[in-house]
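Student: First the structure, then my questions, so here it is.
The values are calculated or read from the model by the stated rules, or taken from the named source; none is laboratory data. Please read these numbers as outputs of a predicted model, since none were measured by experiment. Cβ coordinates were reconstructed from backbone atoms using ideal geometry, including for glycine residues, and neighbour counts include every protein chain displayed.
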């Protein structure tokens, strides 16, 4: 049986706040900022934005988008 909270989270595109508390940038090991509008986790130290797909953070550097300088 699946956990209804996980299903709801994936369907709504939100990330479990408990997960956000423990995730860090895979490159710099620094904390991440959550951008709910763009569905990304931002690593200011690395200058990267990691995508969140179907409620799951994709923490692969090759999948990350470089942040704009501005």
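Student: Within segment 21-37, take every residue that is closer than 15 Å to residue 54 by Cα and either modelled with pLDDT under 90 or part of a loop (DSSP other than H, G, I, E, B) (or both) and give me the one that is nearest to the chain's Cα centre (by Cα).
Tutor: 36
Student: If you don't mind, another one. Applying the selection to segment 38-55, what residues are part of a strand (DSSP E or B) and surrounded by 14 or more Cβ atoms within 10 Å (Cβ to Cβ)? Spell out how you get there, then give the answer.
Tutor: If we filter segment 38-55 for residues that are part of a strand (DSSP E or B), which is where we start, we get 40-43, 48-53.
Within segment 38-55, 40, 41, 42, 43, 48, 49, 50, 51, 52 qualify.
Student: Another one. State which residue pairs qualify: first residue in contact (Cβ under 8 Å) with a residue 40 or more places away in the chain and inside segment 29-57, second residue surrounded by 18 or more Cβ atoms within 10 Å (Cβ to Cβ) and in a strand (DSSP E or B) in any location, beta carbons under 8 Å apart, and separation of 6 or more residues or different chains.
Tutor: 57/41; 57/50
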